[in-house]
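This report refers to the structure that appears directly beneath it.
Every number in this text was worked out from the coordinates using simple rules, so none of it is lab data. Keep in mind it's a predicted model, so treat the numbers as computed, not measured. Cβ coordinates were reconstructed from backbone atoms using ideal geometry, including for glycine residues, and neighbour counts include every protein chain displayed.
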6 protein chains.
Amino acid sequence: MPWIRVDLSEGRSVEQKQKTAQAITDALVEFCNCSPESVSIIFNDVSSDDWAFGGTLLSQRAKKG
Amino acid sequence: MPWIRVDLSEGRSVEQKQKTAQAITDALVEFCNCSPESVSIIFNDVSSDDWAFGGTLLSQRAKKG
Amino acid sequence: MPWIRVDLSEGRSVEQKQKTAQAITDALVEFCNCSPESVSIIFNDVSSDDWAFGGTLLSQRAKKG
Amino acid sequence: MPWIRVDLSEGRSVEQKQKTAQAITDALVEFCNCSPESVSIIFNDVSSDDWAFGGTLLSQRAKKG
Amino acid sequence: MPWIRVDLSEGRSVEQKQKTAQAITDALVEFCNCSPESVSIIFNDVSSDDWAFGGTLLSQRAKKG
Amino acid sequence: MPWIRVDLSEGRSVEQKQKTAQAITDALVEFCNCSPESVSIIFNDVSSDDWAFGGTLLSQRAKKG
């Protein structure tokens with residue numbers, strides 16, 4: 001039943017997402033009594049132009065170095 | 001006033017989304033006393049590389065199938 | 001498979017939500033080729049102290065009115 | 001940096017959430033090269049009156065059962 | 001038109017939220033050419049039992065501190 | 001600590017997002033006692049084919065207009 005949304009800066013491979021999805025699912029099964037089939041996970045890739053910390057977009061932070 | 005977010009696996013046409021948006025809006029108007037103009041809906045297409053069920057990404061499940 | 005999140009100002013009854021959930025599910029089945037069991041919907045009640053339009057919280061707007 | 005939102009039917013204890021948070025964080029560190037401190041997770045408890053599957057709220061499904 | 005969701009640890013007053021909502025709305029109007037009435041904002045109070053950083057819930061971090 | 005998600009119709013420049021991110025961060029610092037580094041913001045561009053108001057997608061509304 002649980003929905004898990006993972007907002008992540010872009011660049012992870014399908015293999016990385018697959019391993020992460022499996023591990024998150026295992027955690028929900030082991031610690032929250034969920035059945036594996038009930039766990040659904042969405043990954044959302046976020047561009048460095050769309051994510052800000054401390055008032056600065058990641059893409060601008062890189063420029064500032 | 002209501003916000004409705006629809007995360008949907010990618011591939012639906014604009015026409016399908018238009019009909020769905022109209023039907024969801026009608027439901028909020030009829031059952032929740034919302035005015036039609038107050039109902040806003042966002043569709044979010046999710047790639048099969050970004051959605052996992054039972055610990056497996058949809059794109060990987062297709063390969064196993 | 002679709003996830004639908006409905007942010008709604010608080011005060012709707014369980015019966016209103018039930019009818020809305022059924023109608024939204026029917027829309028996804030009819031227009032997006034989803035199976036009924038795959039459609040999951042979360043309602044999120046939002047207090048008038050937590051929702052702003054035009055820069056004013058709903059609870060403050062009521063006072064001004 | 002990643003944000004993880006976990007919508008879960010209500011009833012899990014703080015201890016269950018703590019173990020789940022640790023395991024999800026470990027997964028992001030191991031498979032996505034995130035630093036532990038960068039991983040933030042929000043749990044959102046969802047009432048059985050606010051979650052529908054197959055067009056029926058969980059609370060109504062229990063009654064039918 | 002923009003939707004802004006603010007997940008915030010609980011404890012802010014209505015007055016704090018009102019000022020924040022006004023300032024966010026002003027920012028969208030000034031920098032993104034939105035009309036004030038089109039800007040809607042939802043605040044979501046998050047309990048310290050429901051928010052984890054670095055694998056530890058805020059409520060548990062306080063105990064360790 | 002706060003997470004802010006901004007769903008915005010597509011077309012804003014990086015410069016517009018940067019200024020908006022700075023202003024939102026300043027608001028959270030001034031009115032909610034957050035440290036600047038704790039404020040994270042995600043912008044999500046929404047296509048006019050994916051956003052409906054009053055039951056009509058923005059892209060269809062333009063055609064009707």
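Just a few scattered comments:
- Taking amide H positions as modeled 1.01 Å from N, with prolines and chain starts lacking one, the residues under 5 Å from E:Ser9 and 5 or more places away or on another chain are E:Val46.
- Within 10 Å of each Cβ in B:33-43, the average number of Cβ atoms from other chains: 6
- Note that region B:21-29 has calculated 3J(HN,Hα) couplings of 4, 5, 5, 5, 4, 4, 5, 5, 5 Hz, one per residue in order, obtained from phi through the Karplus relation 6.51 cos²θ - 1.76 cosθ + 1.60 (θ = phi - 60°); glycine and proline are x.
- For chain C, the equivalent ellipsoid derived from the alpha-carbon gyration tensor has semi-axes of 31, 12, 9 Å in decreasing order.
- Ascending list, in nanometres, of distances separating the F:Ser48 label from those of the other copies (7 Å, Cα toward Cβ): 3.1, 3.1, 3.6, 4.7, 4.9
- Shielding by partners for peptide D:56-64, expressed as the average number of C-beta atoms from other protein chains within 10 Å of each residue's C-beta, is 3.
- Alpha carbon centroid spacing (whole Å) that separates chain F from region B:6-50: 19 Å
- Across chain E, the relative contact order, built from alpha-carbon pairs under 8 Å that are at least six residues apart, equals 43 percent.
- Position B:Glu10: other-copy label points at 1.1, 1.1, 3.8, 3.9, 3.9 nm, ordered by increasing distance, label point 7 Å along Cα→C-beta.
- Note on D:Lys63/C:Asp45: beta-carbon distance plugged into 1/(1 + (r/R0)^6) with R0 of 25 Å gives a FRET efficiency of 0.75.
- Each copy carries A:Ala62; placing its label point 7 Å along the C-beta direction from Cα gives inter-copy distances of 2.9, 2.9, 3.9, 4.7, 4.9 nm, listed from smallest up.
- With the convex hull of its Cα atoms as the shape, the protein assembly as shown has an orientation-averaged projected area of 19.6 nm².
- Counting only lysines at least 8 places from D:Lys19 when in the same chain, those with an alpha carbon closer than 17 Å to its own are E:Lys63, E:Lys64.
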